[in-house]
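Working notes, structure below.
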Protein chains: 4
Amino acid sequence: MAPELKPRDPTWEARIRNGFARQSFMATIGARIVALSPGMCELELPFRADLCQQHAYVHGGVIAAIADTSAGFAAATLMPADAAVLTVEFKINLIAPAEGERFRARGEIVRAGRTLTVVESEVSAEKDGTWRPVAQLLGTMMFLVGKGESPAPEEQP
Amino acid sequence: MAPELKPRDPTWEARIRNGFARQSFMATIGARIVALSPGMCELELPFRADLCQQHAYVHGGVIAAIADTSAGFAAATLMPADAAVLTVEFKINLIAPAEGERFRARGEIVRAGRTLTVVESEVSAEKDGTWRPVAQLLGTMMFLVGKGESPAPEEQP
Amino acid sequence: MAPELKPRDPTWEARIRNGFARQSFMATIGARIVALSPGMCELELPFRADLCQQHAYVHGGVIAAIADTSAGFAAATLMPADAAVLTVEFKINLIAPAEGERFRARGEIVRAGRTLTVVESEVSAEKDGTWRPVAQLLGTMMFLVGKGESPAPEEQP
Amino acid sequence: MAPELKPRDPTWEARIRNGFARQSFMATIGARIVALSPGMCELELPFRADLCQQHAYVHGGVIAAIADTSAGFAAATLMPADAAVLTVEFKINLIAPAEGERFRARGEIVRAGRTLTVVESEVSAEKDGTWRPVAQLLGTMMFLVGKGESPAPEEQP
């Protein structure tokens, strides 16, 4: 599927990097942006022993968090000026244990709409030099226009 | 929907509490079990400023993590001895900003099967003494029999 | 979860029954509304041999269709005058084979919002006098205000 | 994502075409297989006025049915001999109104596992000679080994 990928806000990249920097949870787990272009955002997360489930693989919730965030910022590359992006919902398949030295979540737009944007994200793990897929996300993001800085809860969604 | 809720392993509660204690990520974010019975597991998470997205609400990925975990342990209450529980997939709607002093995710079994268990979880937030729903999850958990301690990745799922 | 269930349009019931009557696919498969109240819509579908998959159970797509439709009309009970309701997305677990003489899909609102409404639907089958759950849906509906009669494709969603 | 796409049953194609031919609901709506290869199944559905919702677009349930079926048969290309394929669950985003003269659902494997297979399907509509995406599905299929001909309900899943 080939969406139109034209940023509407010339400051989109600065807004996204600033928004990501203010997500305290991304700093808490150690995720960072490694690639960013209109319609795409890729995050990287190094393995850490304090991010695991009981079998010492990275917790599915952490994988979901980077997948969701990569997808949300992929949508945000096309957001209007003074808009905020909310995750409406997502579905994720955890297709293999999250085992490896580092993880990448590549979020992309499936279809950009005026209010809603459909997104996907593929999460892969690198182990011993080989990348393997570990999760696949399909979700829905929403633009809240005029709420760029601080949407009030009662206004959402 | 009314599933049959009979634990198959008499040590189910100890196994679940032990499994939860070994999930390093749950300790990292500060979640704990506050209720547990056959077919149900409820987690509580106090608000912390380092778990947020850019609007100072708790990050959707954190909400998904506690919802997924509560649902997985709800399924695990009925797991056979020497089985492990994996999240196959889940879908979550983030229905309101995760704003509040603390959060609860209540996972429950929708339908218990031999291999797959369908689960749901409702996440609520307490703010100024009032609890409000913030997310709803519907997902699928899988029993891996004979893999209770350490499932090898190539065996999954 | 307890949403506010106050219809905004006094003609909501007539609009829903009229909208349902104009869904040719519901007539094609033989579904009808058997219960309707603010926030809830229940459909019934008798078994027919031409609605099946290869094992002579009702096709999962038919089950998804009545689940989606019941959920959409549940949301529509609260729609503003001159609005249309669209299915943004849904997720459905097919939890048992759709075997029986008739099927019911009960759609309900999980959370009513201004633009988006989160809905669920439970589908049950009656066989030999006993009702059993066969599917569970969680989805997202959208109001398109001012588009009550005939939304143009380019305006959606 | 690049799954291993090696059929395990040399009669896979005949089994799939036979299984599709026995899905009465696919005949009822007029869908047929237009492409089939290991890991992929594409269906085509001509527009018909009796398959619509109230705005004269094809009903989302019909779109979901062909998406689910294409994804299930994509998984089935790799099924063991004497296995049946069940839809465990799917999630679908309806990204544009299903308007056009005909529709195609292209199901593909995201990740093939021993018991579970993760699948996706893209549905497109042709209108005035142009194909546009209308839906995207992500789901989970299950092999029931030894149940190739007629799985009993109590054995599922």
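Quick check: is even one residue across segment D:2-18 closer than 21 Å to D:VAL145 by Cα and within 12 Å of the chain's Cα centre (by Cα)? Taking every residue of segment D:2-18 in turn, at least one turns out to be closer than 21 Å to D:VAL145 by Cα and within 12 Å of the chain's Cα centre (by Cα). Applying the criterion of being open to solvent by 10 Å² or more (accessible area, probe 1.4 Å) and more than 12 Å from chain C (Cβ to nearest Cβ) to the residues of segment D:41-52, the residue that is nearest to D:VAL119 (Cα to Cα) is D:GLU42. Pairs linking a residue in segment D:66-82 that is more than 11 Å from chain C (Cβ to nearest Cβ) to a residue that is among the aliphatic types (A, V, I, L, M) and part of a loop (DSSP other than H, G, I, E, B), with Cβ atoms under 9 Å and 6 or more positions apart or on different chains, are D:THR77/D:LEU5; D:LEU78/D:LEU5. Mind counting the residues in segment A:38-52 that are without any contact (Cβ under 8 Å) to a residue 60 or more places away in the chain and not basic (Lys, Arg)? Here the count works out to 7. Filtering B:VAL145, B:VAL62 for residues that are among the β-branched types (Val, Ile, Thr) and crowded, with 22+ Cβ neighbours inside 10 Å leaves a single hit, B:VAL62. Would segment D:30-40 turn up any residue that is surrounded by 17 or more Cβ atoms within 10 Å (Cβ to Cβ), more than 13 Å from the chain's Cα centre (by Cα) and aliphatic (A, V, I, L, M)? No, segment D:30-40 contains no residue that is surrounded by 17 or more Cβ atoms within 10 Å (Cβ to Cβ), more than 13 Å from the chain's Cα centre (by Cα) and aliphatic (A, V, I, L, M).
Scan (1) more than 17 Å from C:ALA65 (Cα to Cα); (2) surrounded by fewer than 24 Cβ atoms within 10 Å (Cβ to Cβ) for the single condition D:HIS55 breaks and write down its number. That leaves (1) as the condition not met.
The single condition from (1) within 9 Å of another protein chain (Cβ to nearest Cβ); (2) more than 27 Å from C:SER124 (Cβ to Cβ); (3) buried (at least 24 other Cβ atoms within 10 Å of the Cβ); (4) modelled with pLDDT of 95 or more that B:PRO157 fails is (4).
Taken as a whole, segment A:49-64 holds at least one residue that is more than 27 Å from D:VAL88 (Cβ to Cβ) and in contact with a strand residue (DSSP E or B) (Cβ under 8 Å, 6 or more places away or on another chain). With respect to the conditions (1) more than 30 Å from C:MET142 (Cβ to Cβ); (2) modelled with pLDDT of 95 or more; (3) of a type in the set (Val, Ile, Thr), B:THR115 falls short on a single one, namely (2). Residues in segment A:122-141 that are surrounded by fewer than 24 Cβ atoms within 10 Å (Cβ to Cβ) and of a type outside the set (Ser, Thr, Tyr): A:GLU122, A:GLU126, A:LYS127, A:ASP128, A:GLY129, A:TRP131, A:ARG132, A:PRO133, A:GLN136. Scanning segment D:114-141 for residues that are part of a loop (DSSP other than H, G, I, E, B) and touching a strand residue (DSSP E or B) at 6+ places or on another chain (Cβ under 9 Å) gives D:ARG114, D:THR115. Give me the residue from segment B:66-103 that is under 27 Å from A:ALA56 (Cβ atoms) and of a type in the set (D, E, K, R) and, out of that set, surrounded by the fewest Cβ atoms within 10 Å (Cβ to Cβ). Among those residues, the one meeting the criterion is B:ASP82.
Within segment B:112-121, the set of residues being open to solvent by less than 70 Å² (accessible area, probe 1.4 Å) and over 13 Å from B:GLY72 (Cα atoms) comprises B:GLY113, B:THR115. If you go through segment C:12-29 and keep only what is open to solvent by 70 Å² or more (accessible area, probe 1.4 Å) and not hydrophobic (A, V, I, L, M, F, W, C), you end up with C:GLU13, C:ARG17, C:ASN18, C:ARG22. Only one of the numbered conditions (1) within 14 Å of another protein chain (Cβ to nearest Cβ); (2) over 23 Å from D:GLN136 (Cα atoms) is not met by D:GLU89, and that is (2).
Taking the criterion of being within 11 Å of chain A (Cβ to nearest Cβ), within 28 Å of B:GLU101 (Cβ to Cβ) and out of contact with any Phe, Trp or Tyr (no Cβ under 7 Å at 6 or more places or on another chain), the residues of segment B:3-29 that qualify are B:GLY19, B:ALA21, B:ARG22, B:GLN23, B:SER24, B:PHE25, B:ALA27, B:THR28, B:ILE29. Scanning segment B:89-105 for residues that are farther than 25 Å from B:GLY146 by Cβ and part of a strand (DSSP E or B) yields B:LYS91, B:ILE92, B:ASN93, B:LEU94, B:ARG102, B:PHE103, B:ARG104, B:ALA105.
Checking each residue in segment A:84-117 for being aliphatic (A, V, I, L, M) and under 17 Å from A:LEU43 (Cα atoms) picks out A:ILE92, A:ALA98, A:ALA105, A:ILE109.
One line per residue, one yes/no per condition, for (1) more than 9 Å from chain A (Cβ to nearest Cβ); (2) at pLDDT 95 or above:
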{"site": "B:LEU94", "(1), (2)": "no, yes"}
{"site": "B:ALA105", "(1), (2)": "yes, yes"}
{"site": "B:ARG111", "(1), (2)": "yes, yes"}
{"site": "B:GLY148", "(1), (2)": "yes, no"}
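Checking each residue in segment D:95-148 for being of a type in the set (Phe, Trp, Tyr) and under 30 Å from D:GLN54 (Cα atoms) picks out D:PHE103, D:TRP131.
The values are calculated or read from the model by the stated rules, or taken from the named source; none is laboratory data. The structure presented is a predicted model; accordingly, all values stated were derived computationally and were not measured. Counting neighbours? That spans all protein chains shown, and the Cβs are built from the backbone with ideal geometry, glycine included. Ligands, DNA and RNA are stripped out before the accessible areas are found, and what is left, the full protein with its side chains, is counted by its heavy atoms. Shrake-Rupley method; radii C 1.70, N 1.55, O 1.52, S 1.80 Å.
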